[in-house]
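Laboratory data are not the source of any read-out in this text; all were calculated from the coordinates shown. Worth saying up front: this structure is predicted, and the values here are computed from it rather than measured. FYI the Cβ positions are ideal-geometry reconstructions off the backbone, even for glycines, and counts take in every protein chain you see.
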Amino acid sequence: MLFTLLAVLTVVLLIFFSLRFVRVLGDVASGALPSELVFTVLSLELVRNIGSVIPIVLFFSVLLAFGRFYRDQEMIALTASGIGQLSLTRYLLWLMPVVLVVNLAFTLYVAPWASERIDTVRHEAENRSELSLLVAGRFTESKSGKLVMYVEALSEDQRELKNVFVQSRSRSKKSIMSAETGYRYLDKNTGDEYMVMVDGYRYVGEPGQDDYRITKFKKHAVRIEEKDAEAVRLRRKSIPTSELWGDSELRNKAELQKRIVLPLSAVAFMLLAVPLSRVQPREGRYGRLFSAVFIYVIFNNLLGASYNWIGRGTISPLIGMWWLPVLLLAVAGIYALWQMRGQAGWLRDRMAGYKLERAR
């Protein structure tokens, strides 16, 4: 089961990584995130979502591992030796405390920390200097829309610029500046940042008008507007668990319950996988995989719906999401009893035969 667990975890994380990678590349293309922070954000995203994928990974791991016993007829030998589904369930019970503690650690502490780091990194990226947005060979527009900048080449530290083009727009006029070289300059007294252009020309006026003015300069500095520093806005996923305890806001209560219910559901999924893994001889190892996917999709939808119900006050937080693990356990119990219906008849016949022998 451990090897199956690692294989399923790898596949799930690869799928998640590919989906998030496309989204992060979109943020890089739009200029919302520097390219050097791509793998930092992706790594934090993976860490943040491990606690959420543990239930489905454990569910499929137990399902596939025990399903192999039935496919290879090993379960028949185990049953003949006195090891049935009840014994396998007892073996899983030894793993459940470890699963519960590890999953709680991820959902209660690791995931909020990673989410907070993601919010901080993105906030710093959005509030970085306009000049740090420059990419060699690509036009870059400032956040205010007043500047359009282009550089043909950048030094490694992004301080030196080559073949610079800047268009400045205001209500009264437009100006275009081009220079062979340039560099970034920070005024220590005022804290203002400038793009200093060296050996270039400045063109002021509207194209087609006769009042066009051309100026040649040795040095010309373009002041980069500063952004208003704002506090980091943390998402609800980024709020530490210690702050959620005792919070009266309904959505915060829903967030806390979700962090606790996910590990409990992981344990319930493990128990459900034991009877679900029982397949017919010709059904194959993956015969119940479709049923498992269907069950997980329903559970995930109910989890999201319960989260919204609590946040809107539709249901009481006392009911909340606690019924979801109970529902999974109930499904596991019903499924196991349904599979044991033949054994119950066999046991009843044996008891009747035993009583008849004693009566004789």
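Round to the nearest 0.05 the FRET efficiency obtained for Ser81 and Arg23 when R0 = 45 Å and r is the Cβ-Cβ distance.
0.30
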note = For Ala7 and Val293, extending 7 Å from Cα along the Cα-Cβ vector and measuring point to point gives, in nm, a value of 1.7 nm
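At a Förster distance of 35 Å, what's the computed FRET efficiency of Gln339 paired with Lys237, Cβ-Cβ distance as r, to 0.05?
After rounding to 0.05, the efficiency reads 0.35.
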